[in-house]
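Written below as structure tokens is the structure these notes are about.
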Amino acid sequence: MKYLNRLDRYIIKKFLGTYVFAIILILAITIMFDINEKLDAFLKAPLNETIFDYFLNFLPYFANQFSPLFTFIAVIFFTSKLADNSEIIAMLSAGVSFKRLLLPYMVSATVIAISSFVLSAYIIPPANIERIEFTNTYVKNKRVEYGNNIMLQVAPGQIAYMSRYDNTTRIGYKFSLESFENKKLKSRLSAQTIKWDTAYNWQVRDYEIRDFNETREEIRTGRELDTIIPFEPKDFLIAKNDHEKMTSPQLNDYINRQKQRGVANIKSFEIEKEKRYAMCAAAFILTVIGMALSSKKVKGGMGLNIGIGLVLSFSYILFMTVTSSFAVSGLTSPRVAMWIPNIIYTIIAIVLYRKASV
């Protein structure tokens, strides 16, 4: 705060205050719609689970998902009000340059961006576990309980296969584990069933182990064998919203591990990783656009600026949703898909900023 004067602190207070007010207002509306939509589920669930497991975890999640929208609304609303009251004209007439006027806006955007990243990377994912468990139990079950024809590399040179896995019983059927060395098959473990215990602990039943040496083959059979195989059901039973349950360090580890295992179905995890960074940049981009749009008086008044702001902010969110589908389909990488909206809107921000500063 050393380099911020009274005017800067005034703008920051207005910006962040309006941002928090916009969040509270829209969340209040969201709660009413959500209760109406899921009323049957809420009536079935215990009240304490509805409040603490669902709503206390849903509200931060929703607020952070639409943080760019709230940022844009806040900038448009309070800057339009400043312009309408001729306060911005007074600031510029007092010798404050348009560039200098942007400083408190950027400080506020920095606070929002850091808060958004900390929430999305570390705080919201653990809360999502409880929220998603509640919706799976009382609203709609989206758990993935079964898998067929599962094949993955569990370790370098080790390929595991199961014809079917049932997560309700933790049992896989017609299991095989093949170990290779210099592209040559060295051993093969096959079993009628395999049961997951905890972590990497598995129990194979009715098994046969074939070891291939240079000149001979050794065969061992048995009824039951406890063994450690470095994979878990979550590595191949991937639900639609599993990526929302992981903190950023967990997400990075999971993506790297799955890539090593040759798992292809991780686009949603890579998109989530890039989205958390792209959303932080959006706070700065949309702040500049909002400030440039609403810093001058217009004949339509504040309502026109708010209308333009809502159109732009919703178009940004829609654009990000559309480009994420490019990554899912394989047209672009997740990083490119998530940053296309930011690149385009950065160009818009630069054009509007230069036009407003003239």
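The values are calculated or read from the model by the stated rules, or taken from the named source; none is laboratory data. Here the structure is a predicted model, which means the values were calculated and not measured. Every residue, glycine as well, gets a Cβ built from its backbone with ideal geometry; the counts of neighbours run over all protein chains shown.
Checking the structure you have, find out if any residue of the range 263-278 is free of Cβ contacts under 8 Å to residues at least 40 places away in the same chain and under 26 Å from residue 96 (Cβ atoms). Before the answer, list the steps.
At the first step, the residues of the range 263-278 found to be free of Cβ contacts under 8 Å to residues at least 40 places away in the same chain are 264-266, 269, 272.
Checking the rest, the ones that are also under 26 Å from residue 96 (Cβ atoms) come to none.
Scanning the range 263-278 turns up no residue that is free of Cβ contacts under 8 Å to residues at least 40 places away in the same chain and under 26 Å from residue 96 (Cβ atoms).
Could you count how many residues in the range 254-283 are of a type outside the set (Phe, Trp, Tyr) and under 15 Å from the mean Cα position of the chain (by Cα)?
Taking the range 254-283 as the starting set, the residues that turn out to be of a type outside the set (Phe, Trp, Tyr) are 255-268, 270-276, 278-283.
Next, from what is left, pick out any that are under 15 Å from the mean Cα position of the chain (by Cα): 255, 266-268, 270-276, 278-282.
Within the range 254-283, residues that are of a type outside the set (Phe, Trp, Tyr) and under 15 Å from the mean Cα position of the chain (by Cα) number 16.
Could you tell me how many of the residues in the range 159-183 are part of a strand (DSSP E or B), touching a residue at least 24 places away in the same chain (Cβ under 8 Å) and within 32 Å of the chain's Cα centre (by Cα)?
So in the range 159-183, the residues part of a strand (DSSP E or B) come out as 159-166, 171-181.
Subset that is touching a residue at least 24 places away in the same chain (Cβ under 8 Å): 160, 162, 165, 171-172, 175, 177, 181.
If we keep only those that are within 32 Å of the chain's Cα centre (by Cα) as well, we get 160, 162, 165, 171-172.
The total comes to 5.
Do we find that residue 111 is in contact (Cβ under 8 Å) with a residue 60 or more places away in the chain, in the same structural domain as residue 297 (by TED's automatic domain parsing), more than 23 Å from residue 243 (Cα to Cα) and part of a helix (DSSP H, G or I) in this structure? Can you show your working first?
On the way: in contact (Cβ under 8 Å) with a residue 60 or more places away in the chain: yes; in the same structural domain as residue 297 (by TED's automatic domain parsing): yes; more than 23 Å from residue 243 (Cα to Cα): yes; part of a helix (DSSP H, G or I): yes.
Against the criterion (in contact (Cβ under 8 Å) with a residue 60 or more places away in the chain, in the same structural domain as residue 297 (by TED's automatic domain parsing), more than 23 Å from residue 243 (Cα to Cα) and part of a helix (DSSP H, G or I)), residue 111 qualifies.
So which of 289, 317, 308 ends up being in the same structural domain as residue 65 (by TED's automatic domain parsing) and at pLDDT 85 or above? Steps first, please.
Numbers: 317 fails: at pLDDT 85 or above; 308 fails: at pLDDT 85 or above.
Residue meeting the stated conditions: 289.
Taking helices (runs of 4 or more DSSP H) that do not extend beyond the range 257-358, which have at least 3 residues that are of a type in the set (D, E, K, R) and in contact with a helix residue (DSSP H, G or I) (Cβ under 6 Å, 6 or more places away or on another chain)? Explain how you work it out, then say what you get.
Values: elements: 267-294, 302-329, 334-357.
Counting at least 3 such residues, we get 267-294.
Quick check on my filter: what residues within the range 3-24 are modelled with pLDDT of 90 or more and farther than 17 Å from residue 110 by Cα?
21, 23, 24
Across the range 324-354, what is the total count of residues that are under 11 Å from residue 275 (Cβ atoms) and free of Cβ contacts under 8 Å to residues at least 40 places away in the same chain?
Total satisfying the criteria: 0.
Checking residue 65 against (1) over 27 Å from residue 349 (Cβ atoms); (2) under 19 Å from the mean Cα position of the chain (by Cα), only one condition comes out false. Which one?
(1)
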